[in-house]
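The values are calculated or read from the model by the stated rules, or taken from the named source; none is laboratory data. Please read all numbers here as calculations on a predicted model, not as lab measurements. With ideal geometry, Cβ positions are generated from the backbone for all residues, glycine too; neighbour counts draw on all protein chains shown. Note: areas computed on protein heavy atoms with side chains; ligands, DNA, RNA excluded. Shrake-Rupley method; radii C 1.70, N 1.55, O 1.52, S 1.80 Å.
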Amino acid sequence: MTSGEWPPSRPVMGYNTWYQFRTGITESTVVRQAELLVSSGLAAAGYNCVNLDDGWMDAERTADGELTWNAAKFPQGIPWLAAQVHALGLRFGLYTAIGTRTCQSLPASWGHYDQDAKTFAAWGVDFVKVDDCGGLPEETTVDMLTELYRRFGECLRKHNPEVVYSQELPIHQIGKPTFLAAVRASAEFAHMWRVAHDEYPLSHADASPMILGHLAADLPLYSFAGPGHWNDLDMVAPAFPASGWTLEDLHNQLSVWAMEASPLLISADIAALPPPALAALKNPHMIAIDQSGEQCSTVIMDGDIEALMKPDPEGGVAVLFVNLGPETSTGSFSLPQFGITSDTASGRDVWTGTTTTLTEVSVTLEAGQTLLTQIREA
Ligand code: GLA
């Protein structure tokens, strides 16, 4: 029994194996993470999809050219695993790539788009991520690649009209004049598409630059996002806490991802998540902001402090303050700058729950620090 709207009109929430398990994923790890998703309360909070990333497939296709699983890692097979995940009330996702090989040099879908789409549908796959790792004819232009992605999406939908199509078409266009066209095309035929590079290297020192870099890359792309199609900033809580990220790094990431309405795919060992990290991932206000139905389109600045805002589905406005400067800095804003017309407002810190009465907004943040708030008329 699976529950919830599918395909979701809001950004997908769920789980992905990549940053924690890489190609070491096995049947028992996936079942365990799926069970933990339920027992931890994450599934009830909305994380309802379990996706296998690279590394699940066998080194060769079958004699009929079918993609098949690595039997050492998945002795009972992918259809069995999909059924186990479905029995937990969750959706099941798989990974492939648009060219001949995945990013880990395993077989991918080039020349087999219709066949693989049919196989995935027969296996009970609800979500398909299609990476771009090369392995395409040398003369492939961006326009040709875009058509390949469009065609793969059509095949996936033909065999499973409810499939969620996640892809990486724009990634290799980052920094090139073709980037926006790749995003625009993606918005026409995919549910989500990656607009930023992978999150490596994973360390506390690299977390804030990565998070703010992803934010800067995504900010101008708000017009491409909307119900059923979302800019994808990549997974959340990557290998947390083994990655060295602190709870504050995680708060920063979730705050940015929520303002940007990015999909929220947890990529950690759920058993290793400390209670405050679990609570952060389950924070209902962060989730409501992420799932509000729009990506932030308004940004104002005071000095080094950037304030991003969008309507808060819980009332008032959701505002994310970010210190873009190299040192501790204060930003001051008036209430009308956030669309508040009353003399006083209440400001709520999404992570601490602390509420303050405001007549103006003055925020002091350390370099790279963020603060996610909900501001409404008092
Ligand atoms: C690329 C993608 C990652 C992950 C790996 C798997 O790097 O961007 O999200 O899927 O491939 O090899």
Among the residues of region 145-166, write down those that are open to solvent by less than 10 Å² (accessible area, probe 1.4 Å) and either on the phi > 0 side of the Ramachandran plot or in contact with a Lys or Arg (Cβ under 7 Å, 6 or more places away or on another chain) (or both). V163, S166
What number goes with the only condition from (1) outside any helix (DSSP H, G or I); (2) within 16 Å of the ligand (Cβ to nearest atom) that L145 does not pass? (1)
Counting only residues in region 84-118 that are open to solvent by 10 Å² or more (accessible area, probe 1.4 Å) and assigned to a helix (DSSP H, G or I), the one farthest from the ligand (Cβ to nearest atom) is identified as A87
What residue, among those in region 1-22 that are assigned to a helix (DSSP H, G or I) and either among the hydrophobic types (A, V, I, L, M, F, W, C) or surrounded by fewer than 17 Cβ atoms within 10 Å (Cβ to Cβ) (or both), is farthest from the ligand (Cβ to nearest atom)? F21
Counting just the residues of region 321-365 that are in contact (Cβ under 8 Å) with a residue 40 or more places away in the chain and loosely packed, with under 13 Cβ neighbours inside 10 Å, which one comes out farthest from the chain's Cα centre (by Cα)? E327
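Can you work out which of the residues in region 40-79 that are in contact (Cβ under 8 Å) with a residue 60 or more places away in the chain, away from the ligand (no atom under 16 Å from the Cβ) and in contact with a strand residue (DSSP E or B) (Cβ under 9 Å, 6 or more places away or on another chain) is nearest to K129 (Cα to Cα)?
As a first pass, look at region 40-79 and keep what is in contact (Cβ under 8 Å) with a residue 60 or more places away in the chain: 40-42, 45-47, 49, 51, 53-54.
Then keep just the ones that are away from the ligand (no atom under 16 Å from the Cβ); that gives 40-42, 45-47.
Narrowing further to those that are in contact with a strand residue (DSSP E or B) (Cβ under 9 Å, 6 or more places away or on another chain): 42, 45-47.
Working: L42: 22, A45: 23, G46: 20, Y47: 17 Å.
Checking each candidate, the answer is Y47.
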Of the residues that sit in region 119-141 and are touching a residue at least 60 places away in the same chain (Cβ under 8 Å) and not in a loop (DSSP other than H, G, I, E, B), which one is nearest to the chain's Cα centre (by Cα)? K129
Pairs where the first residue, in region 80-103, is on the phi > 0 side of the Ramachandran plot and the second is crowded, with 20+ Cβ neighbours inside 10 Å and not in a helix (DSSP H, G or I), C-beta under 8 Å, 6+ apart: G89/A43; G89/N48
For L37, the lone unmet condition from (1) more than 16 Å from the ligand (Cβ to nearest atom); (2) more than 17 Å from V236 (Cα to Cα); (3) modelled with pLDDT of 95 or more; (4) surrounded by 15 or more Cβ atoms within 10 Å (Cβ to Cβ) is (2)
Residue in region 199-214 that is open to solvent by 30 Å² or more (accessible area, probe 1.4 Å), outside any helix (DSSP H, G or I) and more than 25 Å from N323 (Cα to Cα) present: no
Among the residues of region 152-169, write down those that are small (G, A, S) and touching a Pro at 6+ places or on another chain (Cβ under 8 Å). S166
